[in-house]
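What follows is a set of notes on a single structure, which appears directly below.
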Amino acid sequence: MDIPVVRLDAPATATAPALVLRPWREADAPALVAVYRDDDLLRRWTSPGPQDEPAAVRWVRGQRQGWETGQRYAFAVVEEDGRTPGGTLAGHAVLKPRAGAAEVGYWTAAHARGRGVAPRALQALTDWAFTAFTADDIPRIDLLHRVDNTASCRVADKCGYPFAELMPAAPPAFPRQGHRHVRVREGSEGSRRAPRPGA
């Protein structure tokens, strides 16, 4: 099955270039390895990433399989900075549908942090999810993160994902307590309790 051509755009800011979110490609493997190399912060908040190009190609193929099965829609987040043909890899964003909801996840490359990559990518992904899927498919989206990841709390707040609950630790995958933030589709039950972005 061919991966659908999906391109999501996030506008430039006064200090950062525009972003494009698109499905991962095998050609992204070298940049993916470079992003994970020597980035202790990224490794702290995410699963271990690929350490060489063959592992990165396998990872990308796994993301493509997610598109084929409809279990996860993973996007490379690319800065349109004019320095590299096709842009510079700045992060990752993923939507994982499940029964009655969906979950989002993301990370930002070290060189792109502090430029609003995560909130702009998350907003583009959220808008797409609520447009591409029906209210029955995705009435709400959950954002989960470890309790000590304060940067993700700020991203959630900027994108209209209010804090919903403190979640217990579940070692070994989740060694610490976590936060669950929830964005409810406008017009869905409970949407009156979910603030809109910028509200």
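The values are calculated or read from the model by the stated rules, or taken from the named source; none is laboratory data. Worth saying up front: this structure is predicted, and the values here are computed from it rather than measured. Reconstructed Cβ throughout: ideal geometry from the backbone, glycine too, with neighbour counts over all protein chains shown. When the accessible area is computed, the model is the full protein with side chains, heavy atoms only, and any ligands, DNA or RNA have been set aside. Shrake-Rupley method; radii C 1.70, N 1.55, O 1.52, S 1.80 Å.
If I filter segment 134-156 down to residues being touching a Pro at 6+ places or on another chain (Cβ under 9 Å) and outside any loop (DSSP other than H, G, I, E, B), which single residue comes out as least open to solvent (accessible area, probe 1.4 Å)? If you could, list the steps in order and put the result at the bottom.
Initial filter on segment 134-156 (touching a Pro at 6+ places or on another chain (Cβ under 9 Å)): 137-138, 146, 154-156.
Subset that is outside any loop (DSSP other than H, G, I, E, B): 146, 154-156.
On the way: Arg146: 53, Arg154: 137, Val155: 16, Ala156: 0 Å².
Only one residue tops the list, namely Ala156.
Yes or no, residue by residue, for (1) of a type in the set (A, V, I, L, M, F, W, C); (2) at pLDDT 95 or above; (3) outside any helix (DSSP H, G or I):
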{"position": "Arg58", "(1), (2), (3)": "no, yes, no"}
{"position": "Ala76", "(1), (2), (3)": "yes, yes, yes"}
{"position": "Arg83", "(1), (2), (3)": "no, no, yes"}
{"position": "Leu95", "(1), (2), (3)": "yes, yes, yes"}
{"position": "Ala121", "(1), (2), (3)": "yes, yes, no"}
{"position": "Ala124", "(1), (2), (3)": "yes, yes, no"}
Out of all the residues in segment 97-119, which are among the hydrophobic types (A, V, I, L, M, F, W, C) and not in a strand (DSSP E or B)?
Ala99, Ala109, Ala110, Ala112, Val117, Ala118
What about Asp9, is it in a strand (DSSP E or B) and either surrounded by 13 or more Cβ atoms within 10 Å (Cβ to Cβ) or not basic (Lys, Arg) (or both)?
yes
Only one of (1) outside any loop (DSSP other than H, G, I, E, B); (2) under 27 Å from Gln123 (Cβ atoms) is not met by Thr15, so which one is it?
(1)
In segment 61-83, anything open to solvent by less than 10 Å² (accessible area, probe 1.4 Å) and closer than 29 Å to Arg176 by Cβ is listed as Gly66, Ala74, Phe75, Ala76, Val77
Within segment 32-40, does at least one residue satisfy the condition of being touching a helix residue (DSSP H, G or I) at 6+ places or on another chain (Cβ under 6 Å), in contact (Cβ under 8 Å) with a residue 40 or more places away in the chain and in a loop (DSSP other than H, G, I, E, B)?
yes
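Can you tell me how many residues in segment 157-185 are among the hydrophobic types (A, V, I, L, M, F, W, C) and crowded, with 17+ Cβ neighbours inside 10 Å?
We begin by selecting, within segment 157-185, every residue among the hydrophobic types (A, V, I, L, M, F, W, C); these are 159, 163-164, 166-167, 169-170, 173-174, 182, 184.
Now restrict to residues that are crowded, with 17+ Cβ neighbours inside 10 Å: 159, 164, 182, 184.
Count: 4.
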State all residues of segment 64-74 that are assigned to a loop (DSSP other than H, G, I, E, B) and of a type in the set (Lys, Arg); if no residue qualifies, say none.
Arg72
I need the full set of residues from segment 135-171 which are acidic (Asp, Glu) and either in contact with a strand residue (DSSP E or B) (Cβ under 9 Å, 6 or more places away or on another chain) or free of Cβ contacts under 8 Å to residues at least 12 places away in the same chain (or both), in order please.
Asp136, Asp137, Asp142, Asp157, Glu165
Could you check how many residues of segment 157-184 are in a loop (DSSP other than H, G, I, E, B) and of a type in the set (A, V, I, L, M, F, W, C)?
3
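Give segment 107-133 a look and list any residue that's on the phi > 0 side of the Ramachandran plot and either under 15 Å from the mean Cα position of the chain (by Cα) or open to solvent by less than 20 Å² (accessible area, probe 1.4 Å) (or both), or say none. Don't jump to the end; show me each part of the working.
At the first step, the residues of segment 107-133 found to be on the phi > 0 side of the Ramachandran plot are 114, 116.
Result: Gly116, single match.
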